[in-house]
Amino acid sequence: MVRSRAVAEEVVQDVMLELWKRREHIARDTSPQAYLFQSTRNRSLNYLRHERVEKVAEPQMVREEAQDSTAHSLMVEEEIHVAMKRAVAGLPTRCREVFELSRTGGLRYSEIAEVLGISIKTVEAQMGKALRILREELAPWLSQRR
């Protein structure tokens with residue numbers, strides 16, 4: 001009935017377990033063979049019914065999970081974006097200038113040094129400081145993404 005030996009064995013095990021649990025309450029005048037046959041048949045039909053319901057519901061569940069996952073991802077992405085803006089805004093002035101010229105403006109360290117009138121070593125130090133502060137500020141978000 002269930003078209004799978006493994007499932008059939010599982011159904012039979014379930015029937016035997018149920019028989020053992022109800023051994024005190026089963027009428028003694030009923031045929032054990034008839035009881036086992038009927039119980040096995042009913043369990044098999046329940047299994048098939050359950051499989052049919054799962055097949056019908058599966059596409060809908062997959063779509064809902066995908067929508068929930070996408071909505072959650074978008075929400076987390078937006079929260080990270082807001083946290084990043086706050087963290088950058090909270091940087092010391094020189095660190096923020098260096099960071100924004102590098103990351104937003106796309107300038108190289110030598111160009112940043114020239115624009116701000118500072119040495120390349122100062123740019124490197126300020127960028128390192130900015131990245132360290134941002135890593136600390138965004139640590140909760142970074143651990144969620146991994």
Review point. Quick one: which of Glu79, Glu111, Glu97 is outside the structural domain of Gln126 (by TED's automatic domain parsing) and either hydrophobic (A, V, I, L, M, F, W, C) or surrounded by 10 or more Cβ atoms within 10 Å (Cβ to Cβ) (or both)?
Key: Glu79
Practice item. Can you tell me which residue within segment 82-94, out of those that are under 33 Å from the mean Cα position of the chain (by Cα) and not in a helix (DSSP H, G or I), is surrounded by the most Cβ atoms within 10 Å (Cβ to Cβ)? Key: Leu91
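The values are calculated or read from the model by the stated rules, or taken from the named source; none is laboratory data. Please read all numbers here as calculations on a predicted model, not as lab measurements. Quick reminder, even Gly has a Cβ in these numbers, built from the backbone with ideal geometry, and neighbours come from all protein chains shown.
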